[in-house]
1. I want to confirm something. Restricting to the range A:188-209 and keeping residues that are aliphatic (A, V, I, L, M) and surrounded by fewer than 20 Cβ atoms within 10 Å (Cβ to Cβ), which single residue is farthest from residue A:349 (Cα to Cα)?
2. Please list, ordered by first then second residue, the pairs with beta carbon atoms under 7 Å, 6 or more apart or interchain, first in the range A:390-410 and assigned by TED's automatic domain parsing to the domain that holds residue A:379 and over 11 Å from residue A:346 (Cβ atoms), second at pLDDT 80 or above and assigned to a loop (DSSP other than H, G, I, E, B).
3. Within the range A:275-302, track down each residue that is surrounded by fewer than 19 Cβ atoms within 10 Å (Cβ to Cβ) and either touching a residue at least 24 places away in the same chain (Cβ under 8 Å) or not assigned by TED's automatic domain parsing to the domain that holds residue A:44 (or both).
4. With the condition kept exactly as written, say whether any residue in the range B:34-45 is more than 9 Å from chain A (Cβ to nearest Cβ) and of a type in the set (S, T, N, Q).
5. So which of B:94, B:101, B:56, B:77 ends up being in contact (Cβ under 8 Å) with a residue 24 or more places away in the chain and at the interface with another protein chain (Cβ under 9 Å from one of its Cβ atoms)?
6. Restricted to the range A:573-590, and to residues that are touching a Gly at 6+ places or on another chain (Cβ under 8 Å) and closer than 29 Å to residue B:54 by Cα, which residue is farthest from the other protein chains (Cβ to nearest Cβ)?
7. I'd like the residue in the range A:386-438 that is among the basic types (Lys, Arg) and more than 18 Å from residue A:473 (Cα to Cα) and, out of all such residues, is modelled with the highest pLDDT.
8. Would it be correct to say that residue A:214 is among the acidic types (Asp, Glu), surrounded by fewer than 17 Cβ atoms within 10 Å (Cβ to Cβ) and outside the structural domain of residue A:57 (by TED's automatic domain parsing)?
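The values are calculated or read from the model by the stated rules, or taken from the named source; none is laboratory data. This structure is a prediction, so every number in the text was calculated from the model and none was measured. Positions of Cβ are generated from backbone atoms using ideal geometry, with glycine treated the same way; all protein chains shown enter the neighbour counts.
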Amino acid sequence: MQKSSAHFSTKNDGRTYDMEKQKLVLVGNGMAGIRCIEEILALQPDRFDITVFGSEPHPNYNRIQLSTVLQGDTTIKDITINDWNWYSENRITLYTGETVTKIDTEEKVVYSNQHRAVKFDQLILATGSIPFIIPIPGSDKKGVTAFRNIEDCEKMIEYSKKYKKAAVIGGGLLGLEAARGLLNLGMKVHVVHIADYVMERQLDSTAGHMLIKELKEQGMNFLLGKQTTEIFGEQDVEGLKFSDGEAIQADLVVMAAGIRPNVQLARESGITVNRGIVVNDYLETNIPHIYAVGECVEHREIVYGLVAPLYDQGKVLAKRICGLEAHAYEGSILSTKLKVSGVDVFSAGEIFEDDKVKSIKEYNEWENTYKKVLIRDGKISGAVLFGDTSEGNRLLSMINKGTEVTEYFKKEKEELSSVSFVDMMPAEEVVCGCNGVTKGEIVSAIQTQGLTTIDEVKACTNASRSCGGCKGLVGDLLQLTLGDKFSLANQKEPICSCTTLSRDEVIAEIRDKHLTYTREVMNVLGWKTDGGCSKCRPALNYYLGMIHPVQYKDEKESRFVNERLHANIQKDGTFSVVPRMYGGVTSPEQLRKIADVAEKYHAKLVKVTGGQRIDLFGIEKEHLPSVWAELDMPSGYAYGKTLRTVKTCVGESFCRFGTQDSMGLGIALEKKLERVSTPHKVKMAVSACPRNCAESGIKDVGIVGVDGGWEIYVGGNGGTHLRAAELLCKVKTSQEVMEITGAYFQYYRETAHYLERTSVWVERMGLEAIKSVLNDKEKVSELNHRLDEALAVLSDPWKEVINDESIQKEYYNKVTIPVMVN
Amino acid sequence: MGTTLQRVKVAKVSEMPKNIGKTIKIGVNEIALFHLENGEFRAIENRCPHKGGVLVEGIVSGDYVFCPMHDWKISVVDGLVQKPDNGCVKTFQVEVELEEVYILLPS
């Protein structure tokens with residue numbers, strides 16, 4: 001090609017470019033090749049005239065998500081990465097359903113199976129892999145399929161409608177995903193595997209066997225250590241025979257026994273091929289102007305079958321082919337973080353010990369988790385996690401950096417927050433391995449497009465779109481980038497995924513249309529689901545009760561279990577009981593009662609709570625009514641989206657510093673405000689002097705006695721979002737405290753979003769706006785009036801249950817039937 | 001292999017408010033029995049495949065229950081855990097006759 005006489009530079013690298021575009025041909029329309037094209041277009045959109053050939057009739061789709069298509073959860077459209085429009089918008093000539101059959105490396109022309117000839121200046125081979133079909137008799141019968149593309153999926157779905165028995169040959173990741181999909185489709189599934197545990201590339205024997213146990217509980221059947229020798233049947237598959245003489249029946253056989261690089265075209269064209277197409281560190285083959293990327297490639301003797309390394313390759317190749325400086329591709333450390341059938345597994349680097357590689361293992365049989373960290377030459381070189389993969393990202397980072405094992409132990413002791421973890425991440429580090437999205441790309445999208453939620457980041461960048469393993473990291477990046485604005489930004493958000501309406505819109509409709517129960521709200525306002533969800537049902541129940549305190553009949557079935565049963569559920573299904581101890585003040589009589597009940601009902605644990613009262617653990621649900629009856633104390637509402645406690649210091653009754661009666665005021669406040677529903681829990685305290693022994697400074701409402709009066713502080717939080725309370729006002733009498741606190745309390749009830757703590761609410765509303773409402777005497781009076789209305793209808797829930805046998809029968813009793821022996 | 005089912009009487013319809021689970025222990029089986037909004041009765045094993053949470057206490061919506069421990073959504077009809085999580089629980093056949101609820105157990 002002649003260079004034109006007018007040279008000009010588009011980059012400051014000393015090179016010159018022709019005005020005429022170079023012809024780039026990509027053989028293969030899959031994830032690796034198209035990702036590389038995207039990188040090229042990002043670098044130099046006008047350099048190439050691009051033509052793409054793909055054997056499948058679809059535009060580029062996410063092959064990793066095929067298992068969700070198999071389960072019938074997503075459609076082809078949903079897993080498409082680049083739709084038809086993308087190709088036309090980028091002026092790419094795309095030939096689908098067409099296979100390149102010959103490359104003339106001398107003349108630089110490719111020929112397709114439809115007798116098309118296309119010239120090229122640069123050629124990229126991204127022919128991917130072909131599934132390995134075990135060469136046994138019967139492998140060509142009807143009903144035998146691979147699990148590689150959309151057609152395979154559709155075939156399997158068809159078969160699941162007509163037949164019952166499936167066998168999957170291959171217990172690697174792909175085989176297990178196929179098995180899971182077929183189980184979902186209602187088939188009976190056997191996984192046949194030659195090794196004696198599954199996923200032996202990613203897991204060691206311990207983790208592999210733990211996985212098998214979990215999958216068996218889900219209904220998967222395993223035939224391990226079995227070699228298939230024949231697929232029998234007439235024209236249709238009827239079953240498999242094994243080398244040990246045993247056999248099973250099957251109507252559908254899925255070959256998930258591995259993949260092989262698709263190299264026939266390259267080999268026939270004189271390109272050097274070993275197991276894969278051999279490339280150097282710049283993805284160049286032995287023939288100039290011909291490159292290769294993806295699963296078909298062999299680099300430093302390694303062929304990759306996971307997506308992240310292929311995206312790394314694509315980046316390097318794109319720079320190279322555009323004539324830019326590129327870091328050499330040096331290979332990738334393999335890491336996989338997966339949810340296989342609901343089970344979390346993580347694997348990175350090397351996973352087996354030998355004389356040079358030592359391991360640190362943690363096996364927790366109780367929680368069914370396993371962690372193994374491998375160390376070579378004193379540096380972290382690999383890891384296997386089963387059941388709890390939260391440490392995965394951190395370990396991968398250490399493996400990549402070759403962190404010293406001493407550093408690892410040090411970091412274990414530090415409480416490294418997840419946000420500081422993403423803070424320290426370099427911008428080029430890949431956060432979403434399935435889609436190859438870097439920290440820099442996510443942060444940039446958040447900033448330039450004003451993104452505020454994980455869903456928005458997902459829609460914009462594809463991060464967390466596939467397996468979702470990086471969702472936490474995406475959330476942390478949002479927190480890191482947006483800072484305080486992160487949680488506040490969720491204002492116009494729909495209350496849950498069942499609706500598009502926001503909280504304000506729903507409340508307006510409830511008032512407007514006089515809606516009076518949750519099902520009515522969901523029907524009238526067009527809820528997407530039949531019955532709502534665990535987010536909106538309690539929310540609607542709260543809003544309806546707040547709007548109609550007297551008439552509304554609280555829906556027990558729309559309450560979270562704790563609030564429904566008036567006890568705190570523990571992880572073993574027992575409950576804890578916390579009786580009221582107003583202001584944290586008790587008596588010998590109360591303590592005796594508590595002790596007696598704890599002994600009689602064999603409480604597993606008796607503990608003093610942060611709220612200045614006592615908690616009894618290990619109470620069975622059906623014993624709750626009797627425990628309450630014998631305690632004869634009102635419920636402490638330790639479970640409620642209500643006032644929890646009003647902590648107090650001793651105050652002027654005994655303390656030499658106390659200027660006010662903190663206990664008296666605290667008890668009065670607790671007695672007045674207990675039981676009524678609030679958007680989220682409310683914690684209060686009263687201290688008798690600024691020494692603040694009751695910790696009023698971190699409470700939703702914190703009162704501090706001063707000489708001659710009281711200071712009221714609001715919006716504090718001592719928990720997940722530590723926040724100091726701010727001064728609302730100063731008053732003279734405890735009567736005024738009750739009045740202002742009541743009005744404030746009711747204002748919070750009426751204007752906050754369900755699940756919004758006062759600390760968040762105050763920042764959103766603005767303290768000045770709240771102050772101006774509370775400075776208005778009329779508004780204060782009206783707010784207190786409405787609060788009193790809501791309080792008047794309440795009574796101790798424990799007493800209600802004790803006196804109502806039908807509630808006990810319906811909500812607390814278990815039915816136990818001894819098994820009959822015939 | 002014979003799969004004869006044993007019919008075990010477990011509750012009266014009148015004692016089962018809608019959308020409130022009831023714990024039924026039959027031998028070693030611990031079962032969560034639900035009376036759904038549409039009037040159907042469904043039964044699943046009372047153990048979430050995630051970390052063993054008691055499903056009987058979950059909020060029920062349509063054909064689904066939300067595990068009270070970590071909010072996994074599970075179909076009470078086929079026992080399948082809904083996306084983005086994975087897994088399944090055992091289901092049991094239920095019959096209603098003359099206002100009595102029976103669970104069918106393989107004997």
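1. A:194
2. Matching pairs, first to second residue: A:404/A:378; A:405/A:378.
3. A:275, A:281, A:282, A:284, A:287, A:289, A:300, A:301, A:302
4. no
5. Details: B:94 fails: at the interface with another protein chain (Cβ under 9 Å from one of its Cβ atoms); B:101 fails: at the interface with another protein chain (Cβ under 9 Å from one of its Cβ atoms); B:77 fails: at the interface with another protein chain (Cβ under 9 Å from one of its Cβ atoms).
None of the other options fit; the residue is B:56.
6. Per the stated criteria, the residue is A:580.
7. Once the filter is applied, the top-ranked residue is A:401.
8. Numbers: among the acidic types (Asp, Glu): yes; surrounded by fewer than 17 Cβ atoms within 10 Å (Cβ to Cβ): no; outside the structural domain of residue A:57 (by TED's automatic domain parsing): yes.
Judged against the criteria, residue A:214 is not a match.
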